[in-house]
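Right, one structure below, let's go through it.
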Amino acid sequence: MSTVELPLLPLGKGKDLSAERGVECPGDLPASSDPDLVARARAAKEALGERVFVLGHHYQRDEVIQFADVTGDSFKLARDAAARPEAEYIVFCGVHFMAESADILTSPSQKVILPDLAAGCSMADMARLGQVEDAWDALADAGVQDQVVPITYMNSSADIKAFCGRNGGAVCTSSNADAALEWAFEQKQDIDGGAKIFFFPDQHLGRNTAVLKMGLSLEDCVVWNPLKLNGGLTVDQLRDAKMILWKGHCSVHGRFTPEVIDELRAKDPEINILVHPECTYEVVTKADLVGSTEFIIKTIEAAPSGSSWAIGTELNLVKRLADAHPDKNIAFLEKTVCFCSTMNRIDLPHLVWALESLVAGTEVNVIEVDADTKREADVALQRMLDLPGKSHRD
Ligand code: SF4
């Protein structure tokens, strides 16, 4: 039995869910109070049969996850979609960049649908193509661009992946970021001044990987602030740096604090702290275990009965893990609610609306990446797939 009380407010209880709801849906969005929503979703899915394949990211709500044909992280889901060419429609219950990745990896005849177009990712939005291109020009002006390999986290828009593809860079996930960095440093190892990596959009994953896995120092890392002239950095700072980190972060994982870890350990010295590498360096260095969502799930599945865990990742996933493992003490590593508000925009009314529209012959919210962007992003994704010895999951 669970003895550590979950310090969380379960979704749907004591919270106005409509506050986070996207509204940009043409046609009639069913009322969230409709008692037939579950039956309607089931009927629409049955009517579509093999023509539809529903993907559910680990951070999605339970009400949506119950209709997913497969669950996983963003890259696994995109590959799962690519492995189902008979499915005419891929309904992606996740956020915009994930639907783009699915469109890049699936065949041209398949259409990817995002049930709510307002489901973006605040981290992906922190690196826009124009900003990245300006920064790239500034690196040329500083005389260091030739030394730099751009690496983007999977959690970025398709045009940023394409930027990396056409500039000799690659994509990475939180599972293979170290292999991607190693590969990138090798690409320019013989160049005067040594190799540098420009990493976006998540400064924390970049720093944690560089320092904790690659043996670089914190002083080797500088932060490029796109809102400041020349990123807020001097030419000397750029020349000395090995990692140029984009000033971006995840609004969910960035909220965990080392103070809460101290408090939990003071209450329960046996507690295991398990966090995602999008958390800050201070949190990650205090944790017992660090890894991707898949790593977190597998760690909890393999944990002995009675063991105690505080998990620093998205709330929907932690809540689901706590429900699935009542023999383990699972707590959320934050005192306040900390779900991904954009992930939560995909709710049952939007899913019903998307599925019923397809049944009626209307394609809604189709996510389509243009051919050039697709081709260049695919180059960066392929470089990631060619990295040695990693599972490529985020
Ligand atoms: S959890 Fe963070 S990285 Fe993931 S979709 Fe939400 S804001 Fe983006």
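Values computed for the structure shown
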read-out: Residue selected from region 227-252 under the condition basic (K, R) and in a loop (DSSP other than H, G, I, E, B), by the criterion nearest to the chain's Cα centre (by Cα); value: K247
read-out: Test: residue in region 304-319 that is free of Cβ contacts under 8 Å to residues at least 40 places away in the same chain and among the β-branched types (V, I, T); value: yes
read-out: Test set (1) at pLDDT 95 or above; (2) within 16 Å of L358 (Cα to Cα) - G56 fails condition number; value: (2)
read-out: Whichever residue in region 316-336 is among the polar types (S, T, N, Q) and within 16 Å of the ligand (Cβ to nearest atom) and, among such residues, is farthest from A31 (Cα to Cα); value: T336
read-out: Verdict on G291 being within 16 Å of the ligand (Cβ to nearest atom), under 20 Å from D73 (Cβ atoms), surrounded by fewer than 20 Cβ atoms within 10 Å (Cβ to Cβ) and modelled with pLDDT of 95 or more; value: yes
read-out: Of residues in region 337-360 being in contact (Cβ under 8 Å) with a residue 12 or more places away in the chain and not in a helix (DSSP H, G or I), the one nearest to the ligand (Cβ to nearest atom); value: C340
read-out: Residue match in region 48-56 (condition: part of a helix (DSSP H, G or I), more than 19 Å from S156 (Cα to Cα) and not charged (D, E, K, R)); value: yes
read-out: So I65, is it β-branched (V, I, T), under 24 Å from A331 (Cβ atoms), at pLDDT 95 or above and in contact with a strand residue (DSSP E or B) (Cβ under 7 Å, 6 or more places away or on another chain); value: yes
read-out: Selected residue (criterion: nearest to D202 (Cα to Cα)) from residues of region 269-286 that are within 16 Å of the ligand (Cβ to nearest atom) and in contact (Cβ under 8 Å) with a residue 60 or more places away in the chain; value: E278
read-out: Residue pairs meeting the criteria (Cβ under 6 Å; at least 6 apart or on separate chains; first within 15 Å of K111 (Cβ to Cβ), in region 48-65; second within 16 Å of the ligand (Cβ to nearest atom) and at pLDDT below 95); value: L55/L77
read-out: Strands (runs of 3 or more DSSP E) within region 97-177 that include 1 or more residues more than 16 Å from the ligand (Cβ to nearest atom) and farther than 25 Å from Y59 by Cβ; value: 148-153
read-out: Residue in region 314-330 that is part of a strand (DSSP E or B) and either surrounded by 18 or more Cβ atoms within 10 Å (Cβ to Cβ) or touching a helix residue (DSSP H, G or I) at 6+ places or on another chain (Cβ under 8 Å) (or both) present; value: yes
read-out: From the options A241, A266, residue that is touching a Lys or Arg at 6+ places or on another chain (Cβ under 7 Å) and either away from the ligand (no atom under 16 Å from the Cβ) or polar (S, T, N, Q) (or both); value: A241
read-out: Breaking point among (1) at positive phi; (2) in contact with a helix residue (DSSP H, G or I) (Cβ under 9 Å, 6 or more places away or on another chain), for G306; value: (2)
read-out: Unmet criterion (only one of (1) under 30 Å from L264 (Cα atoms); (2) at pLDDT below 95; (3) not aliphatic (A, V, I, L, M)) for S33; value: (1)
read-out: Positions within region 190-212 being in a helix (DSSP H, G or I), β-branched (V, I, T) and in contact with a Pro (Cβ under 9 Å, 6 or more places away or on another chain), in sequence order; value: T209
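Residue-by-condition table, conditions (1) surrounded by 16 or more Cβ atoms within 10 Å (Cβ to Cβ); (2) in contact (Cβ under 8 Å) with a residue 12 or more places away in the chain; (3) closer than 27 Å to E294 by Cβ:
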residue: A158; (1), (2), (3): yes, yes, yes
residue: A177; (1), (2), (3): yes, yes, yes
residue: A180; (1), (2), (3): yes, yes, yes
residue: G194; (1), (2), (3): no, yes, no
residue: A210; (1), (2), (3): yes, yes, yes
residue: K213; (1), (2), (3): no, yes, yes
residue: L216; (1), (2), (3): yes, yes, yes
residue: W224; (1), (2), (3): yes, yes, no
residue: A241; (1), (2), (3): yes, yes, no
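Rundown of residues vs (1) among the small types (G, A, S); (2) modelled with pLDDT of 95 or more, yes/no style:
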position	(1), (2)
I271	no, yes
G306	yes, yes
F339	no, no
D378	no, yes
R383	no, yes
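The values are calculated or read from the model by the stated rules, or taken from the named source; none is laboratory data. All figures in this text were calculated on a predicted structure; none of them were measured in a lab. Heads up, the Cβs are rebuilt from the backbone with ideal geometry, glycines too, and the neighbour counts pull from every protein chain shown.
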